[in-house]
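Just so it is clear, none of the values below were taken in a lab; they were calculated from the coordinates. All of these numbers come straight from a predicted model, not from anything done at the bench. No Cβ is skipped: glycine too gets one built from the backbone with ideal geometry, and neighbour counts run over all protein chains shown.
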Amino acid sequence: MSIPNPIIFTHYGRSAYLSRTLKCAKLTNQNTKVILIGDDNNLALATSNYVEHHHFNSLVKSDLRTEFYKVFKPIKGTFHPLIRNGRNWLMYVFERWFYVYELAQKMQLESFWHFDSDTIILKDLSKFSEYFSDYDSTEQCNGNGLNGFVKTCILKQYLIVINQLFLDDDFLKKQQEEFDTINPEYAFTEMRAWVNAKQKLSFNTYHLGKVLKGKTWDDSIVQGEDIGYQMSRLKSGQVMKNIYWENGFYCYNKHLQQSVEFVTLNLSHSPIFVFDWVLSHIENKPSTKYLHKTPVPLKEIMIGIGRNIKRKTTHYLSKLAAIYKMIWLTLDN
């Protein structure tokens, strides 16, 4: 019997949701090695969930990462944050892939699973590796980001392209012009680099958001109405896919006229009670069938309202700033 591809997460700090992500991964993949590349702040959390922890500083710096530190520069709009949770987030979203590559080299992995640390794994992934073995990799985030089943040789090529893009002054100038005049809340991230790499190198990829044999890997729980998924409003105010539990996690798709089962759920921007609702079913504990019927503490309702106000305010301010900048540039010329 072949050894299942390990599941790798990366995370810095100790976010509240991380313990839920790791615990679910271990419960649903009991015969698979689950790994967290992290720091001192999440070492104990990984250990308590029986997850193998590799400290960022324990990985031997590759020539590729050394080059990355020389060429990296933040390219972003006025309203896109640079620092998150005390760290240069724009650097980290690229940097984490160099760490993952170094660990794969250290462990002599030809392939592995990788997901964002706010993605909950709901099924045994060892049953799905053969689905994607003929592809160079899979991708998520509406087909714009490397994630899921990853081959180490493809990851290396991607990292080479990242470093090349940071040396391409014309490319970076066009990115910055867009953020200055059109999308000030956007930034040049690892996803834009991935789209560039797969086009340049003609990678044969599979978008996990497609429905395969009645199952799919979620791009984002807060998206999906445009491709047919039934949405519902939580008691905390957020609109999400109308996920329900029926010996698995499902959502009805109106375009397909059937319920689709989820292998993973991307819970980015979700309140902690959403993670807890998922975990309760994984652990066979009593809970509501439908996510949107879950009781919500008043504190979470207020936090949800605050987030919505902040998000809408930032969006409108960024658009006003873009309009002002375009007028200023026009008058200046």
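To two decimal places, what compactness ratio does region 215-296 give when its Cα radius of gyration is scaled by 2.2 N^0.38 Å?
On the way: Rg = 11.7 Å, N = 82, 2.2 N^0.38 = 11.7 Å.
The reported ratio for this selection is 1.00.
Taking the Cα centre of the chain as origin, work out the dipole magnitude from +1 charges on Lys and Arg Cβ and -1 charges on Asp and Glu Cβ, in debye rounded to 20.
On the way: 40 positive and 33 negative charges, 177 e Å.
About 860 debye.
Place a +1 charge on the Cβ of each Lys and Arg in region 215-296 and a -1 charge on the Cβ of each Asp and Glu, then give the dipole magnitude about the Cα centre in debye, rounded to the nearest 20. Mind dumping the intermediate values first?
On the way: 8 positive and 8 negative charges, 59 e Å.
Around 280 debye, computed over region 215-296.
Just want the answer: with Cβ charges of +1 for Lys and Arg and -1 for Asp and Glu, which residue in M107, S137, V195 is farthest toward the dipole's positive end in region 82-226?
Positive-end residue among those listed: M107.
Hey, which of these cross-link pairs are over 18 Å Cα-Cα: K106/K200; K254/K293; K156/K198; K254/K289; K106/K198; K26/K156? Write out the running numbers ahead of the final one.
Numbers: K106/K200 28 Å; K254/K293 21 Å; K156/K198 12 Å; K254/K289 20 Å; K106/K198 25 Å; K26/K156 28 Å.
Violating the 18 Å Cα-Cα cut-off are K106/K200; K254/K293; K254/K289; K106/K198; K26/K156.
Among G228, L267, N242, pick out the residue whose Cα is farthest towards the positive end of the charge dipole of region 215-296, where Lys and Arg carry +1 and Asp and Glu carry -1 on C-beta, about the Cα centre.
N242
Write down the percent of antiparallel bridges among all DSSP beta bridges whose residues are both part of the chain, to the nearest 5. Before the final figure, lay out each step's value.
Values: 25 of 41 bridges.
So the antiparallel bridges amount to about 60 percent of the total.
Looking at region 97-142, which GluC sites (Glu not before Pro) are in a loop (DSSP not H, G, I, E or B) and have at most 15 other Cβ atoms within 10 Å? Write out the running numbers ahead of the final one.
Values: sites: E102, E110, E130, E139; in loops: E110.
Passing both the DSSP loop test and the Cβ count: E110.
In nm, to one decimal, how far is the modelled label at D168 from the one at D63, with both set 7 Å along Cα→Cβ?
Placing both labels 7 Å beyond Cα along the Cβ direction yields 2.2 nm.
Under 12 Å from the Cα of K123, which aspartates and glutamates turn up, not counting those fewer than eight places away in the same chain?
E261
How would you order 290-299, 142-151 from highest to lowest mean count of nearby Cβ atoms within 10 Å? Don't skip to the end; give the middle numbers.
Working: 290-299: 14.9, 142-151: 21.0.
My ranking of the peptides, most packed first, is 142-151, 290-299.
Project the alpha carbons of the chain onto their principal axes and report the range along each, largest first, in whole Å.
Computed over the chain, the largest-to-smallest principal extents equal 64, 46, 40 Å.
From Cα pairs below 8 angstrom and at least 6 apart in sequence, can you work out the relative contact order of region 93-150, rounded to a whole percent? Walk me through the numbers on the way to the answer.
Working: 39 pairs, mean separation 19.6, N = 58.
The normalised contact order for region 93-150 reaches 34 percent.
Can you list the aspartates and glutamates whose alpha carbon is less than 13 Å from that of K70, not counting same-chain residues fewer than 8 positions off?
E95
For the residues D218, D169, what sequence is obtained by ranking on other C-beta atoms within 10 Å, fewest first? Mind showing how you got there, number by number?
Numbers: D218 26, D169 8.
Fewest-to-most ranking of D218, D169: D169, D218.
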